[in-house]
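J.: This structure is in structure tokens; I'll ask about it shortly.
The values are calculated or read from the model by the stated rules, or taken from the named source; none is laboratory data. A quick note: this is a predicted structure, and the numbers were derived from the prediction, not measured. Backbone-built Cβ (ideal geometry, glycine too); neighbour counts: all protein chains shown. Keep in mind that these areas ignore ligands, DNA and RNA; they rest on the heavy atoms of the full protein, side chains included. Shrake-Rupley method; radii C 1.70, N 1.55, O 1.52, S 1.80 Å.
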Amino acid sequence: MNYLDFLILYCTHKFNGERSVSATYHLLVGKKSSQTIQDSIIFRLSPLFGLFPELERSQILNSTERMAANQFLDESLKLTRAGLEYIENMKLHKPIPASLNGWEYGNEARVMWRRLTIFTQVISNLVYEKKRYLPVTKNEEDLFWVKNFLQRNGASKEVLAKQLHDELRDILSQCSNTEASIFILKLTSSTRIGLTSAQLAEKFADDLYYIQLLFWNIIHFIVRKLKGNTKSYSLLQYMISDLKKEKNFTASTLATFNLLKKGLEVEQIANIRQLKKSTIEDHIVEIALNDPNTDLSAFISLDDYNTIREVIEKLHTTQLKMVKQHLEQPYSYFQIRLAFAMYRRDK
């Protein structure tokens, strides 16, 4: 078993038999659907959201079969005692890196890394006066960004090279030696080509998927630092300064959100958008998960929320049916889902 197997088992454990194998697949590839977004937050799996966009569904299925063969999973996709012991052992020896947050930083992290890699390569070749080289990316937007930055900045290549070196040295000094090495070895300069994750796994004699997780952990760490301290890392911060942080909604949910702000009711929005009422309710749950400033009192009062929250805390479950059965008042499933969303968001 590899580290991906552990992550799949970990997600399966979090879902506790309440979601199918597909839910784990959609989470790890980062499917932008209301259900997957809600799952990532309600089951506290948002750090892993979208970390493996190229993952194949067959890999999930094969992994699940292996774990069942090892008697880590039962037929209902719940962990056996052996599975729980394996999870705890892995968490002790190779814990999921602490700075990971695929849902919060995933998009910005990928853009920043692409820009940083081509910028590093260009500056390195300019300093050593090398004009012929193959760029590490063919992405026209990233290439244009670097070209535009160099034209507008005005600083010399030596000044930019030193600033980049100093900012990276400072920020990497706050990471582990292994993570810093992985980061540096992935960069391409005028003298060497950056290593792939597979080459890094071989170099460090470690698991490929764990190496990938360590890499994204440091990128997410850097993005978080840049958002909180722009003065110390002005060059690196500029690499994400034009990336507007939209609300963490799917496009369809954003459309519903804009109509909600106009004071429209669920039925009205459903008619305007020609969607089912249940779909609009899905959107409202997604909004509740991601935006604490949206007024949801039209759907659930504070007293009703507190009543449902007390049952959630008492039962320690994410099963809607179980919570509904223990409530004295006939709350709708929509109200219970909203309460779950608000509870997970604020906890």
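J.: Can you name the number of the only condition in (1) modelled with pLDDT of 95 or more; (2) more than 29 Å from H283 (Cα to Cα) that E65 fails?
T.: The failed condition is (1).
J.: Residue by residue through the stretch 141-154, note down the ones that are without any contact (Cβ under 8 Å) to a residue 60 or more places away in the chain and over 25 Å from the mean Cα position of the chain (by Cα).
T.: Listed by number, the residues that qualify are L143, F144, V146, K147, N148, L150, Q151, R152, N153, G154.
J.: Separate question: Which helices (runs of 4 or more DSSP H) does the stretch 214-311 wholly contain that include 1 or more residues that are touching a residue at least 24 places away in the same chain (Cβ under 8 Å) and buried (at least 21 other Cβ atoms within 10 Å of the Cβ)?
T.: Here the list reads 234-238, 251-260, 277-290.
J.: Q38 passes all but one of (1) open to solvent by 20 Å² or more (accessible area, probe 1.4 Å); (2) under 19 Å from R337 (Cβ atoms); which number fails?
T.: (1)
J.: Report, by residue number, each residue of the stretch 314-323 that is free of Cβ contacts under 8 Å to residues at least 24 places away in the same chain and in contact with a helix residue (DSSP H, G or I) (Cβ under 8 Å, 6 or more places away or on another chain).
T.: L315, T317, L320, M322, V323, listed by residue number.
J.: Consider I118 against the criteria (1) touching a Ser or Thr at 6+ places or on another chain (Cβ under 6 Å); (2) within 19 Å of L213 (Cβ to Cβ): it satisfies all of them except one. Which criterion is unmet?
T.: Tallying (1) touching a Ser or Thr at 6+ places or on another chain (Cβ under 6 Å); (2) within 19 Å of L213 (Cβ to Cβ), I118 fails exactly one: (2).
J.: Next question. Does I218 fit the bill of being of a type outside the set (K, R) and out of contact with any Asp or Glu (no Cβ under 8 Å at 6 or more places or on another chain)?
T.: No; evaluated as a whole, the condition is false for this residue.
J.: Another question, then. Please work out which one of (1) more than 23 Å from the chain's Cα centre (by Cα); (2) surrounded by fewer than 16 Cβ atoms within 10 Å (Cβ to Cβ); (3) in a helix (DSSP H, G or I); (4) of a type in the set (A, V, I, L, M, F, W, C) is the condition L164 fails and give its number.
T.: The failed condition is (2).
J.: Also: Which condition does Y209 not pass, out of (1) surrounded by 15 or more Cβ atoms within 10 Å (Cβ to Cβ); (2) within 20 Å of T117 (Cβ to Cβ), if it passes all the others?
T.: The single condition Y209 does not satisfy is (2).
J.: Of these, H283, H220, H316, which one is under 29 Å from the mean Cα position of the chain (by Cα) and at positive phi?
T.: H316
J.: Please go through the stretch 63-90 and give me each residue that is out of contact with any His (no Cβ under 8 Å at 6 or more places or on another chain), touching a residue at least 24 places away in the same chain (Cβ under 8 Å) and under 13 Å from D5 (Cα atoms), ordered by number.
T.: S63, T64, R66, M67, N70, F72, L73, Y86, M90
J.: Conditions: (1) open to solvent by 60 Å² or more (accessible area, probe 1.4 Å); (2) more than 23 Å from K31 (Cβ to Cβ). V122 meets all but one. Number of the miss?
T.: In the conditions (1) open to solvent by 60 Å² or more (accessible area, probe 1.4 Å); (2) more than 23 Å from K31 (Cβ to Cβ), V122 misses (1) alone.
J.: Continuing with this model, one more query. Just to be sure I understand the filter: pairs with C-beta atoms under 6 Å, separated by 6 or more residues or on different chains, first member in the stretch 110-123 and under 15 Å from V159 (Cβ atoms), second member in a helix (DSSP H, G or I). Which pairs pass?
T.: Once the first residue is under 15 Å from V159 (Cβ atoms) and sits in the stretch 110-123, its partners that are in a helix (DSSP H, G or I) give F119/V146; V122/V146; I123/L160; I123/A161.
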